[in-house]
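First comes the structure, then the notes that go with it.
The values are calculated or read from the model by the stated rules, or taken from the named source; none is laboratory data. Quick caveat: nothing in here was measured; it's all calculated off a predicted structure. We place every Cβ from the backbone using ideal geometry, glycine too, and count neighbours over all the protein chains shown. Just so you know, the surface numbers come from the protein's heavy atoms only, side chains and all, with ligands and any DNA or RNA stripped out. Shrake-Rupley method; radii C 1.70, N 1.55, O 1.52, S 1.80 Å.
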Amino acid sequence: VIDLNMKDILRDLESAIIYGLPVLLQDIAEELDASLEPILSKSITKIGNRSVIKLGDKEIDYNESFRFYITTNMGNPHYTPEVSTKTTVINFAVKEQGLEAQLLGIVVNQEQPSLEKQKSDLTVKVATGKRKLID
């Protein structure tokens, strides 16, 4: 478990990458440190039979078992498109209204699948319409 305020963050990341250990980076804001870019973009190169990643100014062996997890305390974070395309964002903030909507969707899908399909199609059309309005 590390955070961006630690002084030896790159050394800890380096060790975890070499030995294939999971790393949890906690309490991040909407801006990520540029030194994490090679990890997020998985800039792994093959040199012979070795997998290597450049971290800082060093090239280190990359263990395929390495996993990188990031958490935030923000309720509704908005990351840049570059970060969003390189990561999978999971919102664990559960609200009663969201659960009700999910359960209703499951019940409707079981009872009347065509109605649920129609709702999904309408949701996609609304999102497409909003995108066109913004453009």
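In this structure ILE90 has an accessible area near 110 Å², from a 1.4 Å probe over the protein heavy atoms. Per residue, the chain exposes an accessible area of 77 Å² to a 1.4 Å probe, with every protein chain left in place. Taking 0.36 nm per residue of sequence separation and removing the Cα-Cα distance, the GLU30/MET74 pair yields an extension gain of 15.0 nm.
In the structure shown, the pairs LYS7/LYS58; LYS46/LYS86; LYS7/LYS86 are assessed against 23 Å; a Cα-Cα span above that value is assigned to LYS7/LYS86.
Could you please state how large a percent of the accessible area of the range 55-135 is carbon and sulfur, counting protein chains only and using a 1.4 Å probe? The computed percentage sits at 56. Among the trypsin sites (Lys or Arg not before Pro) found in the range 61-106, those both in a DSSP coil and sparsely packed, with 16 or fewer other Cβ atoms within 10 Å of their Cβ, are LYS95. Of all aspartates and glutamates in the structure, those lying under 13 Å Cα to Cα from LYS54, and not within fewer than 8 positions of it along the same chain, are GLU14, GLU37.
Heavy-atom accessible surface of SER43, to the nearest 10 Å², is about 60 Å², with a 1.4 Å probe and all protein chains retained. In this simple spin-label approximation, THR85 and VAL52 carry label points 7 Å from Cα along the Cα→Cβ vector, and these lie 2.7 nm apart. Within the range 1-77, the GluC sites (Glu not before Pro) that combine a DSSP coil assignment with at most 13 other C-beta atoms in a 10 angstrom radius are GLU30, GLU31, GLU64.
The convex hull of the Cα atoms of the chain, projected and averaged over all directions, covers 12.3 nm².
For LEU32, the shell of other residues with beta-carbons less than 10 Å away shows a net charge of -4, using +1 for Lys and Arg and -1 for Asp and Glu. When the chymotrypsin sites (Phe, Trp or Tyr not before Pro) in the range 1-109 are filtered for DSSP coil states and for at most 15 other beta-carbon atoms within 10 Å of their beta-carbon, the remaining sites are PHE92.
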